Amino acid sequence: MMDWTTRDYRAFARTLTKRALLYTEMVTTGAILHGTPRERFLGYSEVEHPLALQLGGSDAGELAECTAIAEAWGYDEVNLNVGCPSDRVQNNMIGACLMGYPEKVAEAVRAMQAAVSIPVTVKCRIGIDDQDEDADLERFIAIVADAGCEVFTVHARKAWLQGLSPKQNRDVPPLNYPRVHRLKQSRPELHIGINGGIKTLAECQAQLTHVDSVMVGREAYQNPWLLAGVDEQLFGEQGPAASRWMPQLHSGRIFSSAWMKARS
Ligand SMILES: Cc1cc2nc3c(=O)[nH]c(=O)nc-3n(C[C@H](O)[C@H](O)[C@H](O)COP(=O)(O)O)c2cc1C
């Protein structure tokens, strides 16, 4: 999430869960190819693994080049953003508007996969504007899956590209979880993840009876303690966080407010 899942946040999240896959903020191909220093856009610390780099872009050649760079930097996965509705990215043919151009996404995915051996995945919506949530989503997934994408995370609401702000596009269009569940039923061979409005591990567990994975956005940032239960409750493993009030002090700046509370 832009400005939220920064490397500081991700390092903090790793003190709470070893198993959750963490995603970077969306980084555009332009930033990677022309921005300096590259460390500013791609830098991370080793503790953050497993870590996916999310790319924003639409030019297949540039996306392939950036995916190869991501692999060389040691990222575990590259995820293509086909869900962001902001005007700024639409003008550059990035994000949710690409749902209207499945062949372009397929071409990009094919080029990205040819460039690397790490997984190339896609995050999308159930549709945009007046697209048909059934036929058009099925068609989008079919075309992109044909290009070799096996993992999709679907934000279970449409994006309205005209008239709604990015913030409204995260709340106003209604959530349609059953649509994502039906997608998994119709394409059982694909890994289908669900995203949108999920706030508790009990909700994650319920979703996991329908789909392969759950992506939690805002709640993981606004209530990071949620992450402390992930390893045990979702993966059946002991997590790294023993107690909320006895933080490890290897990162004093991040933990300072919790530490003050612990002492008071
Ligand atoms: C501040 C902010 C920044 C976001 N940036 C991104 C982004 O860079 N890439 C992306 O795929 N989604 C981004 N999102 C959307 C979330 O990933 C997620 O799809 C959305 O918030 C719905 O899930 P949630 O209800 O679990 O938060 C962002 C959301 C917020 C609140």
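The values are calculated or read from the model by the stated rules, or taken from the named source; none is laboratory data. Note that the structure is predicted; figures quoted are calculated from it, not measured. No Cβ is skipped: glycine too gets one built from the backbone with ideal geometry, and neighbour counts run over all protein chains shown. Note: accessible area is taken over every heavy atom of the protein model, side chains too, but ligands, DNA and RNA are not part of it. Shrake-Rupley method; radii C 1.70, N 1.55, O 1.52, S 1.80 Å.
Comparing GLY95, GLY217, GLY163, which has the greatest mean-square fluctuation in the GNM of the chain with Cα pairs linked when under 10 Å apart? Judging by the Gaussian network model, the answer is GLY163.
With the largest listed first and rounded to whole Å, the semi-axes of the equivalent ellipsoid of segment 46-103 from the Cα gyration tensor are 23, 13, 9.
Take every pair of alpha-carbon atoms less than 8 Å apart whose residues are at least six positions apart; their mean separation over the length of segment 7-238 yields a relative contact order of 16 percent. Surface composition of segment 48-204: carbon and sulfur make up 50 percent of the accessible area, probe 1.4 Å. Among the trypsin sites (Lys or Arg not before Pro) within segment 25-122, which fall in a DSSP loop and have no more than 15 other Cβ atoms within 10 Å of their own Cβ? Here the trypsin sites (Lys or Arg not before Pro) that fit, given the DSSP loop and packing criteria, are ARG38. Based on C-alpha pairs under 8 angstrom that are at least 6 apart in sequence, segment 1-93 has a relative contact order of 28 percent. A Stokes-Einstein calculation at 4 °C with viscosity 1.567 mPa s, built on the Kirkwood radius of segment 70-156 over Cα pairs, returns a diffusion coefficient of 99 µm²/s.
First measure r as the distance between the Cβ atoms of LEU208 and HIS34, then evaluate 1/(1 + (r/R0)^6) with R0 = 45 Å and state the FRET efficiency to the nearest 0.05. With a Förster radius of 45 Å, E is 0.65. Under a model in which nothing but the beta-carbon of Lys, Arg (+1) and Asp, Glu (-1) is charged, the chain shows a dipole of about 1060 debye around its Cα centre. If I fit a long axis through the Cα atoms of helix 60-73 and take the longest principal axis of the Cα atoms of the chain, what angle between them do I get, 0 to 90°, rounded to 10? So the inclination is approximately 20 degrees.
In this structure, the amide hydrogen of ILE194, modeled 1.01 Å from its nitrogen in the peptide plane, lies closer than 5 angstrom to those of VAL154, SER213, VAL214, MET215, counting only residues at least 5 positions away or on a different chain. Segment LEU164..ASP132, full-extension length gain: 9.7 nm, with 0.36 nm per residue of separation and the alpha-carbon distance subtracted. With Cα atoms defining each centre, segment 38-52 and segment 153-167 are spaced 28 Å apart in the structure.
Rounded to 0.05, the FRET efficiency of the GLU189 and TYR101 pair, given R0 = 30 Å and the Cβ-Cβ distance, is 0.80. Taking the Cα atoms of segment 7-238, the ratio Rg/Rh between the radius of gyration and the Kirkwood radius comes to 0.94. Compared with the dominant Cα axis of the chain, that is its longest principal axis, helix 135-146 is turned about 80°.
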